[in-house]
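Below you'll find the structure, written out as structure tokens, and then a few comments.
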Amino acid sequence: MSRPLAGLVAAWLGAVAVAQTPAPETPEPKAGPQLRRDAEAVKRLEAYDALQYLPVDAGLKDISFSVALPTGVILDIRWKSPDKVAWTPRLAKEVPKEAERVWLLQFETPKFKAEVDAQVQSFLKSVIGEKTASKYSKDEVRRVAPDQVQIVAVAPETAAMMREATLTFDPRGLVTAIKVVSPVGAVTDMEQSYRAKGDKFLLEQVKMTNPGPTGPMTTTMKLEYAEVGAYVLVKKMELSAEDQKPAALEFSDMKVDQGLKDEDFRK
């Protein structure tokens, strides 16, 4: 899927819920005929990744930023290449120290920490990017039409989020439509649009249509970017749905290539 798509959709549609969904008892894939990975389909995904502007591919070494959640919590997030991640919670408003201490203790419980870890990964992937080909390297990848590639979940982490996804490419090689089937069989149709950044592309909008009790429900997600140092990063995601007030999630205090050390990630 597109650069921030996996992160953004997970963040908006329920990263916590996704993290809590039990993964099916699916064994780790093994080399052999049971794991179908069409060479042409994999090349199509790799070409799509190469078309997107990914900060992590543009030389990003480390980053720190903050995100304010609707619950009144601010998460300060840090990342260092290739895979160091840490986060620290704080309250957006001042409260008595004892109340703050008790409130923040919940972040130390394993279940709650796992939920926040899932959200942090979603936010992080939204900002620094993630390659589609790498993300689904343990899943089946099939070419089902000249302009379509289907990903069938095999890896447990993929199966926990979806059963399969069919990606439709435009003549440029960009994914402009996705049909996702959830683990329980619900279908979401997505339309994606981009804007150019030099010879690369930035995802600009995702329109998601889901079945509802009275008919299809459409939600639109718009992305805003900011130049931070030598990079272009997602700074704001705005979600709007029919008959609902728009909601926004903003990333702030972004700092890049600060020379973060391993000790900055120790608890």
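Read-outs throughout are calculated quantities, based only on the coordinates presented, and are distinct from any laboratory measurement. These numbers come from a predicted model, not from an experiment. Positions of Cβ are backbone-derived with ideal geometry, glycine not excepted, and every protein chain shown enters the neighbour counts.
Taking the empirical scaling 2.2 N^0.38 Å for compact globular proteins as reference, region 107-254 has a Cα radius of gyration ratio of 1.14. Say we join alpha carbon atoms closer than 10 Å with springs in a Gaussian network model of the chain; which of Ala186, Ala248, Ala165 then has the biggest fluctuation? Residue with maximal mean-square fluctuation among Ala186, Ala248, Ala165: Ala186.
For Lys43, which lysines qualify as cross-link partners when the Cα separation must be under 19 Å and same-chain residues fewer than eight apart are set aside? Straight-line reach from Lys43, under 19 Å: Lys131, Lys135, Lys138, Lys200. Charging the Cβ of each Asp and Glu at -1 and of each Lys and Arg at +1, and nothing else, the dipole of the chain about its Cα centre rounds to 260 debye. Simple rule: put +1 on each Lys or Arg Cβ and -1 on each Asp or Glu Cβ in the chain, find the dipole, and look at Thr219, Ile63, Leu104; the Cα lying farthest toward the positive end is Ile63. Dipole magnitude for region 178-232: about 60 debye, using +1 per Lys or Arg Cβ and -1 per Asp or Glu Cβ, origin at the Cα centre.
Fully extending the segment from Leu104 to Ala247 would add 49.0 nm, taking 0.36 nm per residue of separation and subtracting the current Cα-Cα distance. Ordering Val228, Gln119, Val141 by Cα displacement along the dipole of region 110-236 toward the positive end leaves Val228 in first place; charges were set at the Cβ atoms of Lys, Arg (+1) and Asp, Glu (-1). Both radii are taken from the alpha-carbon atoms of region 29-146; with Rh as the Kirkwood radius, Rg/Rh is 1.12. Between the helical axis of 39-51 and the longest alpha-carbon principal axis of the chain there is an angle of about 40 degrees.
Exceedance of the 21 Å cut-off in Cα-Cα distance is limited, within the set Lys84/Lys113; Lys197/Lys245; Lys207/Lys235; Lys236/Lys261, to Lys197/Lys245; Lys236/Lys261. The convex hull drawn around the Cα atoms of the chain, when projected onto a plane and averaged over every direction, covers 16.2 nm². For region 122-243, with only Lys/Arg (+1) and Asp/Glu (-1) charged at the beta-carbon, what is the dipole magnitude about the Cα centre, in debye rounded to 20? Result for region 122-243 is approximately 340 debye, rounded to the nearest 20. In percent, rounded to a whole number, the relative contact order of region 122-231 is 13, using alpha-carbon pairs under 8 Å and six or more apart. Modelled label positions at Glu204 and Asp170, each set 7 Å beyond Cα in the direction of Cβ, lie 0.9 nm from each other. Protection proxy ranking of 131-138, 111-118, by the mean of other Cβ atoms within 10 Å over each peptide's residues and highest first, is 131-138, 111-118.
Asp147 sits among other residues whose Cβ lies under 15 Å from its own Cβ, and their net charge, with Lys and Arg +1 and Asp and Glu -1, is +2. Each peptide in 82-95, 197-210 receives the mean, over its residues, of other Cβ atoms within 10 Å, and ordering these scores from highest gives 197-210, 82-95. Each helix, a run of at least 4 DSSP H residues, gives -39500 (n - 2.57); summed and divided by the residues of the chain, these come to -7500 deg cm²/dmol at 222 nm. Given the options Thr109, Thr218, Thr176, state which has the largest fluctuation in a GNM of the chain using a 10 Å cut-off (strictly under) for Cα springs. Residue with maximal mean-square fluctuation among Thr109, Thr218, Thr176: Thr109.
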